[in-house]
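This report refers to the structure that appears directly beneath it.
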Amino acid sequence: EAFKAVDKFVAEKVPSILQTGTTLMDQVFAPSGPHLRWTPMETQSQIDEQKGYHRLYSGAMLGIRNPTTHEFGWVDEPELALELVVFAQHLLRKAKLAHMGLGKA
């Protein structure tokens, strides 16, 4: 449920993109024209941060949200559940701090 909340928050922050999951994250955080970004993306470090978080958001949807949504019992250890909730909380916090970018031209 935590990663569904991340997905929903990002979708609501950028309502012009009518997608969910990995497709949404790929479009919203794409380094080539992000709809949401954290820096002006003027230096290599700033560009790398965008690229890294783009991969984290897309990877979280593909590798965590999708399996936990479609496969019952995927998370069966309390420690793993806690780790995933903390990771989802970090992604949610970063999404809240993101600024609107220009999007793809």
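Bear in mind these aren't lab numbers, they're just calculated from the coordinates by the rules spelled out. On a predicted model such as this, the values are computed, not experimentally measured, just so you know. Reconstructed Cβ throughout: ideal geometry from the backbone, glycine too, with neighbour counts over all protein chains shown.
Determine, for the chain, the count of lysine pairs separated by eight or more sequence positions (or lying on different chains) whose alpha-carbon distance falls under 19 Å. Close lysine pairs found across the chain: 11. Near residue 21: Cβ cut-off under 12 Å, other residues only, Lys/Arg at +1 and Asp/Glu at -1. The net charge is +1.
With an 8 Å cut-off on Cα pairs and a minimum separation of 6 or more residues, tell me the relative contact order of the chain in percent.
Numbers: 108 pairs, mean separation 40.8, N = 105.
Reported relative contact order: 39 percent.
Give me the net charge for the shell around residue 95: Cβ to Cβ below 13 angstrom, other residues only, Lys and Arg +1, Asp and Glu -1. Please list the in-between numbers first.
On the way: positive: 8, 13, 37, 93, 94, 96; negative: 7, 12.
Result for the local shell: +4.
Taken over the chain, the convex hull of the Cα atoms encloses 88 Å³ per residue.
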